Amino acid sequence: MIKQPLFTRTIGIIYSTLFFVSMSLSPNAHADAQVPPPPSLALKAYLVKDFNSGHVIATQNAGMRVEPASLTKVMTAYLSLKALKNGHLQLSQTLPVSEKAWKVEGSKMFIEPNKPVTVDELLYGMIIVSGNDASIALAEGIASTEELFAGMMNKEAQRLGMKNTHYMNATGLPDPQHYTTAEDLAKLATALIHDFPAEYKRLYSVKEYLYNNIKQPNRNRLLWLDPYVDGMKTGHTESAGYCLISSAKRGNTRRISVVLGAPTFAGSSLFVVRGGTANVERVQFGQATYGGAGVVKLTAGDLYVGAGGLDIGTSEACVCCQRRGFGVFQRTRPVARSTAI
């Protein structure tokens, strides 16, 4: 089992603030309430949307160009699944491993030049362990070269309405001309789940993968922390920061979140997903009230506690509430700051 990272105070503040924002800006928010603008958080950009309606619940800098890091592999996966659907690839088909794929830097599934690998193995290696080698092998298998594949990625991005995205490679390794936005990534994530639901379900929630006698965990730690999270993709480079596309589903409700440039992986997207998915009956923030009956006002010293007893920070400014449905958070008795329950 993966040892989960500690929640820093900074992430705790991001975590609790995004819960309030995603709920207060949800379609169920009281129509007459004066909704405060989304806060400025320690992120480059974020976006939370409802999968079915497309309604954007909360956003910050959603149209700002940023580095996607390994979130690039969502497009590589999309084109790979499209190639399977149209018969260009078969799951059992073996692909050669080029020297370029073998020697690429960054995360790997550890394929080898003299050991052919199947398309199915490469999909697992790219999606679960974020293998750059797997991404290049798939790109070359589809388009002969990674450069030609990048052209396909850009054409697909335009078709999907990703107007502020440009790809230079299949991996997300840094390049000045390799960029996207939170808004565009939300469109891509929605398209992948919508267009390839069976493959999404089969691949994206797998927690670990063994290849070449090397077992690696899924980079998406939310799969261990929240039972309603069913996948998407992590990304990180020094320049991009920590990035994550997340999806959570309960019943017929699914929420998509995109977080870009977080200072640490630990809590930012987890909170966006949970906050975006929970059903809040009533929220009070300052003098503004949202939703139905039963408001509970939190004061300094009240602790927000997530699943597993993780301390995710206190609030001086009275945020929220009675919750039902996902029930991710509970109001606890006042305790000392930074105390886990």
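The values are calculated or read from the model by the stated rules, or taken from the named source; none is laboratory data. Given the structure is predicted, the values throughout are model-derived calculations rather than measurements. Please note: Cβ atoms are built from the backbone with ideal geometry, for glycine as well, and neighbour counts cover all protein chains shown. Heavy atoms of the whole protein, side chains included, go into the accessibility calculation; ligands, DNA and RNA do not. Shrake-Rupley method; radii C 1.70, N 1.55, O 1.52, S 1.80 Å.
The conditions are (1) over 17 Å from ALA143 (Cβ atoms); (2) part of a loop (DSSP other than H, G, I, E, B), and TYR124 fails exactly one of them. Which is it?
With respect to (1) over 17 Å from ALA143 (Cβ atoms); (2) part of a loop (DSSP other than H, G, I, E, B), TYR124 is out only on (2).
What number goes with the only condition from (1) open to solvent by 50 Å² or more (accessible area, probe 1.4 Å); (2) modelled with pLDDT of 90 or more; (3) in a helix (DSSP H, G or I) that THR10 does not pass?
It fails just one condition, (2).
Looking only at region 133-151, how many residues end up being part of a helix (DSSP H, G or I) and either among the β-branched types (Val, Ile, Thr) or open to solvent by less than 10 Å² (accessible area, probe 1.4 Å) (or both)?
10
Go through (1) touching a residue at least 12 places away in the same chain (Cβ under 8 Å); (2) open to solvent by 40 Å² or more (accessible area, probe 1.4 Å); (3) in contact with a helix residue (DSSP H, G or I) (Cβ under 9 Å, 6 or more places away or on another chain) for LEU123 and report which single condition fails.
For LEU123, the exception is condition (2).
Could you go through region 32-45 and let me know if any residue there is surrounded by 21 or more Cβ atoms within 10 Å (Cβ to Cβ) and either at pLDDT 95 or above or not in a loop (DSSP other than H, G, I, E, B) (or both).
Scanning region 32-45, I find at least one residue that is surrounded by 21 or more Cβ atoms within 10 Å (Cβ to Cβ) and either at pLDDT 95 or above or not in a loop (DSSP other than H, G, I, E, B) (or both), so the answer is yes.
Output the number of residues of region 73-98 satisfying the condition of being within 25 Å of ASN154 (Cα to Cα) and open to solvent by 80 Å² or more (accessible area, probe 1.4 Å).
5
Which one of these is free of Cβ contacts under 8 Å to residues at least 60 places away in the same chain, of a type in the set (Asp, Glu) and farther than 19 Å from LEU47 by Cα: GLU146, GLU156, GLU208, GLU199?
Criteria check complete, one pass: GLU146.
Hey, can you tell me all the residues within region 126-145 that are touching a helix residue (DSSP H, G or I) at 6+ places or on another chain (Cβ under 7 Å) and on the phi > 0 side of the Ramachandran plot?
SER130
Say we look at region 177-199 and pick out the residues that are under 18 Å from LEU122 (Cα atoms) and in contact with a Leu (Cβ under 6 Å, 6 or more places away or on another chain); which of these is most open to solvent (accessible area, probe 1.4 Å)?
The residue in question is GLU199.
Restricting attention to region 189-201, does a residue exist that is under 15 Å from MET75 (Cβ atoms), among the β-branched types (Val, Ile, Thr) and out of contact with any helix residue (DSSP H, G or I) (no Cβ under 6 Å at 6 or more places or on another chain)?
Yes.
If you go through region 223-239 one residue at a time, how many are more than 13 Å from the chain's Cα centre (by Cα) and either in a strand (DSSP E or B) or buried (at least 21 other Cβ atoms within 10 Å of the Cβ) (or both)?
1
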